[in-house]
Amino acid sequence: MAGTPRLCVTNRIQTPATVLTSSSSQAGQPVSRLKDQLRSKAWRSALGWTIVAGFNNKIDFNRGGVKVATIAAGTYATGALLAAAIVTALEAADATPAWAVDYNAGAGAYKFGIGGDLAFTLLWSSGANTATACHKELGFAVSDTASSTWFGGANAVYQSRHWVKADLVTAAEVLGGIVVNHNSGAGGTYTLQGNATDAWSSPTVNQTLAGDATIRIAFISTQTLRYWRLVIDDCGNALGYGEVGIWYAGPYTQPGVSYAIGLTKAWEELSEVTVAISGAHFQDEKARRPTWSLNWSEILEADRAILAAAFALVPAGRCFFFSFDAVTTPTDTEYGFLVEGVSETLTSGLYFDVALPTFAGALG
Amino acid sequence: MPVPASDAIASDVGHGALGIRYGLRPFRDLLSETVGQRHLWVEMRPKKLVTAWATEGGGVWSWAVSETFDGVVLDVVGVRTLTETLARVEAQALATAGKFYYSGTTLYIHLMGDAVPSATSVVVEFGVHIGTHGVVQPVLGVDRLANGSFEAWTGAAPDGWTVTSGVSAGTITVDKTTSDPLEGSYAARVTFAAATGAMRIRQDFTTLVAGQVYRFSGAYRITGAAGILAAIYIDDAGTNFVLPDGRTIGASTQVFTDTSNDGAWRRFAFDFLCPAWGTLRASLFAQVVTGTLTGTVDFDDVRLSPIYRFAYYEPLLNVDSIPTVEAARADSFWGEMSSALGSLSLLNGGGRLEPLLAAYDWLGADAIIRVGGRYQLGGNETLMDDCPVIASGKLGAPTVTDSAVSFDLEDDRKLLLRTLPTRTYNDNSGTGAYQPADRGRSRALLWGTKTGIRPVQYDIHTTGGGPVSLGSYEVADCTDWPAIGLAWMDYVYWYTDEDAALVRSAARRVAVGSTGASSIVESLPTGRFDVLHDMRPIILTDENNKLHFDIGGAVLVAAPSTTWPPYPLSGLPTYDPTSLCSEITYWMNTIAGTSDIRCIFKDVTQKVQIERDSGTLNLRCATGADVQMGIWAILGFNVTADRTGSLGYLADRVFTSPAGDQILRIDARGYGDDGAGTYTGTASAVIEKAPDIGRFILREILKVPASAINLPSFVAARTGAKPCSLYIGSPRTVSDVFSELETSGNFDFVLNGGVWYCLPRDTSTPAGTPALVDADFLSFGSHYDPEDLYGTVRLTYNDAPDSDELTEMGEVSAAAVALRHGRPDQRAFATCLRDKADATYPLSGSRLEAIAAQAQVKRRRFRFSTKGKALQVPVGGKILLTRSRGLDTTGALSSLLVRVISKRDDWTRWVSDVEAIEVV
């Protein structure tokens, strides 16, 4: 394990001035949760489908001419409720056909179906409102359909897309985005968007975060923008809501050299063992906390200063991301905190050793 | 390489995602696991006095809730007034009297009797949740199912449930089973005998709220042939079904099916969004689909509860300060209970908690502590519906430092230290005592039949405008039971003097039955009565019964009989002896040969008048022979001059004496049951059995909510219980009263997991009794305690309400105890049994015999520490001990049944320190 380490110590999402909003949230888990460094203290979207104007509320179709249905903004906990709202929208756009929309068209399929007594075409691809269409929410591919009286969604869907937005108040540099404690497993897509204004039709930054069930991460070229947004596209997630524990958006610190050989990883055993008279033992099972110990050896003053400045921002107990090799394996990035302070040793007139005795993984 | 998100709990079904989880091993089994995770969940309920109410009409008032912590508008988990604890409902439309609804932003309350909030004090309780792990958990409401525990049965039918079956072959039956129920005494069992078909056990609901999330949870157990399945349905009575995702409606679909026939209890939890159906049907289902199979499917601990919110339990609980739960009896008999709950400490990094602590009232706020866990190797966690309450109590004042906030915790058992009666006669709370000697006296409580109660005069009452006021009296305080009050007032006695009252002398009293409308007016709901006439006893002898008069001729002497019981002056209530006035009337007419002479008492003057319609009537008050033996002084006539020249003579003095000079005692039957037989099982019966009295005290006087009382255990204990007579007229602790009731009824009132139980003391081994073996003991010791042995046992019963000297008692001695053990000591046991036959004599079958059987036999005591298994055993509960070394003639213990008399549960270490005594 070596390569290009990066320290992500300035999370602009958690900056006090940053204003967070979201497409929706649940009563006990507002978007302000993302200001907290505890990973289990998460934001959670409302259950089901949240339709937001300018985001996912349009259906372009052709039935005796190109028309657009606009679904009423709001939260629809069940597919049946959203289906009813879509019928209302279609009837408003074109009152002639007898529209029918249902959910779970096939037994247990959890798919939408859209139909009418007159043939029509869904313009998911060529419509004027493709950017704000709700095809993903309904499980349809991004392509126009042939003319028919009935279209079934291709994918099982359980929720809408969601977004979380950060207004940094003033433009600030962001070099990467990280998400942990999300509920998407290996599926779903997390996209980091950035823009100078609060308009999202074509944002300056539109970067998909790569990763897995544990972490989604991407580093980008430097951008100094005021508005940042995390778009969650996981409509097929049967949990029915989106959830994020930690969203990082901010710069990173990268020293000119990697840490030295000798990185050690250990496990702090939090479980407790009790022994009976007979010798039998009992275990109170608790998590194992990983800890890392590493140092930079024989580094120049410039790198020492870079590291010192970064570590100064994260005193003991303050969580940050440490990417062990941001270029080759960016998902080798850990969320943790310093248990004790970093030490610097002048080894010669030009070189320093910087020791990071214990970087402990943040649990819970 | 990345660190896992959490060591414990995922964000999935049960934690906000709707849907089904099943096949879950229950918490009960986790106690026996040698490896596993332990989780603690604490709900604290800080309070705020709210005054800014806005009317919504119809008795409903609202308050816009803007209380936040950590960016979250707090959940309102309770609303209380001085007299009410409102129940939470899921919709504003359901907020009828006594209930509240919280929309998440607005609180709606509806007080009883459409009371106005500004006329009382309304305290709102908020939910603050902390735990050992950071996780989202449901805030569960009150169970909507009837008899989901399957403890109540009528024959082979579970009360509250509808059972339907479809049988293609063989037989399928449903009945209760006592075979290791998951909780309580019974589970429901569906039995397949070479059968094909299905059995459905269901309940229908018409008041669930569309759009509200509910949790349908419970446990099932399958034994027998492979292919027998258990399932559940949620449907609208047969057409539309909630699918396993908990949100979608579809055609007939089980929420889950399980065919795991390993004979082990498994749990399910189904969180679903309630559809807009007129009827929602929740069904338990057992089926053999193919073949003819034999086996059983059991169901138990089934609940249907609203989920008001998914709340984040912040992992702030300092693991070093998780409270220990201590409870002990003073002795191995029914000595008073004591308890302690330690303290609770929260991490306070960054000073986030200070604003929260400052904003609300924490002192005395409720704290509810639940425990759960997770099985090893990725096994299931126990969901919130299966996380039992291990302690509930009140928070003490918080101590705040920069790193932590700690609270002392007061166990709910502290209510045992409260004093009964709860009210006194004083001038400031509405009921004062009229006589100075009664001021500050306790307002008595009464259960069962009690004789000789001295009522307290709380007011005056004047009959017919008479000059001397009479009294309004209270027999017992019925404030807490206002609709029913006392069952009956049998007699009101006027005694000649205090000594006569003390010994209840029938020869020196006048008895007035409770239907004596002319003498008293009673009010059973208030436990009070007004005196209309002075019924002071008049005892006639040959020395004071002569009445000299004439009707125009010779002096006549009427002599009312001296053989009657004491006379009241007047009044003819149903059960009264003939009044003195009537007697005088009779004898004057008899002696004079007339029929128009009357001796009457006049309310307006409170004097006696002797009159005649016509002719002559002279009263020889002064000149009659032997006038010194005259009755005139009793009747209020001066004996200085005869009364002549008229047809009517009013006495010179009033007869009525002030209320304070009258000596009254009451025979009454105490609190009566309501029309539903809530406490006795019989409509309007007298509440007089010890388990019923105990439950009444908990519910009505100490205001313990119904959800905190295990009704089946109290009902079961009622069987065979003997009538008691309990009058509490002077301050006693609840613990003392409970001890007396427990001694009377041979059971233990047990608070376990925030719920009160009534557990019989017998030699049975209840289902689920933990069995400890060698490997379970972290420490072990045994001994004999001399305080368990007594040469003489005395038992008291049916004590007098106004004097300890009149307590009835029995005694039994065993000389051999002194000879063998050097214990000639005597021990008295107080009971409130009413009848001698139940208490002491004949000895055979009496409580005295039963208690002596224990107190005069040496019993082993054991002290040990153990992991897990004993954590849920309360004081009074039982444990089976098996050990290769032990205090026994064999040198080992083999399934020895012991009863816990004290214990200390350390939920941090998952360890119980227990002292127990063998069951004989």
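The values are calculated or read from the model by the stated rules, or taken from the named source; none is laboratory data. The model shown is predicted, which means the values in this text are computed figures rather than measured ones. With ideal geometry, Cβ positions are generated from the backbone for all residues, glycine too; neighbour counts draw on all protein chains shown.
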Would you mind finding the one in A:THR274, A:THR214 that is among the polar types (S, T, N, Q), in contact with a His (Cβ under 7 Å, 6 or more places away or on another chain) and within 14 Å of another protein chain (Cβ to nearest Cβ)? A:THR274
For the condition on the phi < 0 side of the Ramachandran plot, assigned by TED's automatic domain parsing to the domain that holds B:LEU445, not charged (D, E, K, R) and not in a loop (DSSP other than H, G, I, E, B), what is the one hit in B:SER730, B:SER707? B:SER707
B:ALA706 without any contact (Cβ under 8 Å) to a residue 12 or more places away in the chain and over 30 Å from B:ASP438 (Cα atoms): yes
Tell me, which strands (runs of 3 or more DSSP E) lie completely within the stretch B:528-633 with 2 or more residues that are β-branched (Val, Ile, Thr)? B:597-602, B:607-612
If the requirement is being within 30 Å of A:SER125 (Cα to Cα), assigned to a loop (DSSP other than H, G, I, E, B) and either more than 10 Å from chain B (Cβ to nearest Cβ) or not polar (S, T, N, Q) (or both), which of these qualifies: A:ALA53, A:ALA69? A:ALA53
Given the criteria in contact with a Pro (Cβ under 8 Å, 6 or more places away or on another chain), more than 14 Å from chain A (Cβ to nearest Cβ) and of a type outside the set (Ser, Thr, Tyr), does B:VAL919 qualify? no
From the set of residues in the stretch B:53-71 that are in contact (Cβ under 8 Å) with a residue 24 or more places away in the chain and within 14 Å of chain A (Cβ to nearest Cβ), which is surrounded by the most Cβ atoms within 10 Å (Cβ to Cβ)? B:VAL65
Could you list, in sequence order, all residues of the stretch B:747-774 that are of a type in the set (Gly, Ala, Ser) and either outside any loop (DSSP other than H, G, I, E, B) or on the phi > 0 side of the Ramachandran plot (or both)? B:GLY753, B:GLY754, B:GLY768, B:ALA771
Confirm whether B:GLY593 is modelled with pLDDT of 95 or more and loosely packed, with under 15 Cβ neighbours inside 10 Å. yes
Within the stretch B:375-384, residues in contact with a strand residue (DSSP E or B) (Cβ under 7 Å, 6 or more places away or on another chain) and either under 19 Å from B:ASP906 (Cβ atoms) or surrounded by fewer than 21 Cβ atoms within 10 Å (Cβ to Cβ) (or both) come out as B:TYR375, B:GLN376, B:ASN380
Please note which strands (runs of 3 or more DSSP E) are completely contained in the stretch A:284-364 and include at least 3 residues that are within 14 Å of another protein chain (Cβ to nearest Cβ). A:288-299, A:319-323, A:333-338, A:352-361
Within the stretch B:240-326, considering only strands (runs of 3 or more DSSP E) that don't extend past its boundaries, which have at least 2 residues that are small (Gly, Ala, Ser)? B:280-313
On the basis of being out of contact with any helix residue (DSSP H, G or I) (no Cβ under 8 Å at 6 or more places or on another chain), closer than 23 Å to A:ARG161 by Cα and within 14 Å of another protein chain (Cβ to nearest Cβ), does A:THR75 make the cut? yes
Does A:TRP228 satisfy being touching a Lys or Arg at 6+ places or on another chain (Cβ under 8 Å), part of a strand (DSSP E or B) and within 13 Å of chain B (Cβ to nearest Cβ)? no
So is A:TYR190 farther than 17 Å from A:LYS67 by Cβ and part of a loop (DSSP other than H, G, I, E, B) or not? no
Scan of the stretch B:762-781 for residues that are surrounded by 14 or more Cβ atoms within 10 Å (Cβ to Cβ) and within 11 Å of another protein chain (Cβ to nearest Cβ), ordered by number: B:LEU772, B:VAL773, B:ASP774, B:ALA775, B:ASP776, B:PHE777, B:LEU778, B:PHE780
Pick from B:LYS394, B:LYS450: which is surrounded by 22 or more Cβ atoms within 10 Å (Cβ to Cβ) and part of a strand (DSSP E or B)? B:LYS450
Yes/no for B:ASP245 being within 14 Å of chain A (Cβ to nearest Cβ), closer than 25 Å to A:GLN159 by Cβ and either charged (D, E, K, R) or touching a helix residue (DSSP H, G or I) at 6+ places or on another chain (Cβ under 6 Å) (or both): yes
Given the criteria within 14 Å of chain A (Cβ to nearest Cβ), surrounded by fewer than 21 Cβ atoms within 10 Å (Cβ to Cβ), more than 25 Å from B:GLY396 (Cα to Cα) and modelled with pLDDT of 95 or more, does B:THR96 qualify? no
State all residues of the stretch B:890-911 that are modelled with pLDDT of 95 or more and of a type in the set (Ser, Thr, Tyr); if no residue qualifies, say none. B:THR890, B:SER894, B:SER895
Report the residue count in the stretch B:782-803 for those that are surrounded by fewer than 17 Cβ atoms within 10 Å (Cβ to Cβ) and either hydrophobic (A, V, I, L, M, F, W, C) or in a strand (DSSP E or B) (or both). 2
Give the residue, chosen from B:THR259, B:THR279, B:THR239, B:THR223, that is β-branched (Val, Ile, Thr) and at pLDDT below 95. B:THR239
Are any residues in the stretch B:214-239 within 14 Å of chain A (Cβ to nearest Cβ) and either surrounded by fewer than 23 Cβ atoms within 10 Å (Cβ to Cβ) or assigned to a loop (DSSP other than H, G, I, E, B) (or both), and if so, which ones? B:ASP236
Candidates A:ASP36, A:ASP60 - the one that is within 14 Å of chain B (Cβ to nearest Cβ), among the acidic types (Asp, Glu) and crowded, with 18+ Cβ neighbours inside 10 Å: A:ASP36
Is it true that some residue in the stretch B:31-52 is closer than 30 Å to A:VAL273 by Cβ, within 14 Å of chain A (Cβ to nearest Cβ), surrounded by fewer than 18 Cβ atoms within 10 Å (Cβ to Cβ) and at pLDDT 90 or above? yes
For the stretch A:81-122: of the residues being within 11 Å of chain B (Cβ to nearest Cβ) and touching a Ser or Thr at 6+ places or on another chain (Cβ under 7 Å), which is nearest to A:ASN57 (Cα to Cα)? A:TYR103
Tell me yes or no: at least one residue of the stretch B:345-354 is surrounded by 21 or more Cβ atoms within 10 Å (Cβ to Cβ) and either touching a Lys or Arg at 6+ places or on another chain (Cβ under 6 Å) or modelled with pLDDT of 95 or more (or both). no
Flag for A:LEU47 being within 10 Å of chain B (Cβ to nearest Cβ), closer than 30 Å to B:THR106 by Cβ, among the aliphatic types (A, V, I, L, M) and in a helix (DSSP H, G or I): no
